[in-house]
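Participant: My questions all concern the structure below.
Read the figures in this text as sums done on the coordinates, not as results from a lab. Given the structure is predicted, the values throughout are model-derived calculations rather than measurements.
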Amino acid sequence: PNDPTRYERAGRWQSARVESQRIAVRGRAPEPISIVVTEHGPLLRSVFPDEPRANSLALRWTGQAERSGVEALYRLQRCGDWSCFRAALREVRAPAATFLYSDATGATGTQVAGDLPLRAIETGLLPLAGASRYYDWRGTADFDSLPSSYGANLPVQVVSPHPEAASFRTPIT
C-alpha cells in the first residue's frame, strides 16, 4: 500500500513502470497524468484515481502489442480474389474482427482475423487475477481455426463484433 508502483506477480513483488503523459483538454492547458504500467498493461487506477474498484485492474489488450497489421491491411485493399484476401488477413496483428469479402464473380465470404487471446485456463469470467500465471494468455488462436465462410451461393452474411461462439474451434472468452 505504501508503494503504488509495486504489484504481486507469481508470488513475487514486481516494479511497475510509471509513464507521464499530458492529456489535451479543449479550452484549457493540457492535464498531466501519471500512468502505472504493469506487464499486463496500464492500471486503471492511474486513469480513474477516485474509483476504488479500479484499484487493481490492468488493461491488457491485443491492440497494445508491438506487432502491427497495417502492412497486411494495405495488401488487403489490393486483393482481387479470396486466396489473396485470406493471405493478407493471416498477417493482421490487431484485435480480432470479422472481415467481409465480395468479388466481381458474385462470391462472398467472411473471415475472422486478428489476435484472439487464448488463456491457459478458460473460466468464462472476466476480469481474472493477474497475480497468478494460471490465467495468462498462452498465445492467440491460430488463423485457420477462426470462423470463415466463402462461396457463390452463401446466404446473407452478417458481420458482428460478437460472432456465434459455436463457430470457433477453441474456447473463446
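Participant: Amide H neighbours of F99 under 5 Å, counting only residues 5+ apart in sequence or on other chains, H built in-plane at 1.01 Å?
Facilitator: Q111, V112, A113
Participant: Then there's this: Between the range 97-158 and the range 1-44, what's the alpha-carbon centroid distance in Å?
Facilitator: Comparing the Cα centres of the range 97-158 and the range 1-44, I get a distance of 31 Å.
Participant: If you stretched the chain out fully between A129 and R22, how much longer would it get, using 0.36 nm times the residue separation minus the C-alpha to C-alpha distance?
Facilitator: Values: separation 107, 0.36 × 107 = 38.52 nm, distance 2.98 nm.
Result: 35.5 nm gained on full extension.
Participant: L154's amide H: which non-local residues (gap 5+, or another chain) put their own amide H closer than 5 Å, with H modeled 1.01 Å from N in plane and none for Pro or chain starts?
Facilitator: Answer set, sorted by chain and number: T108.
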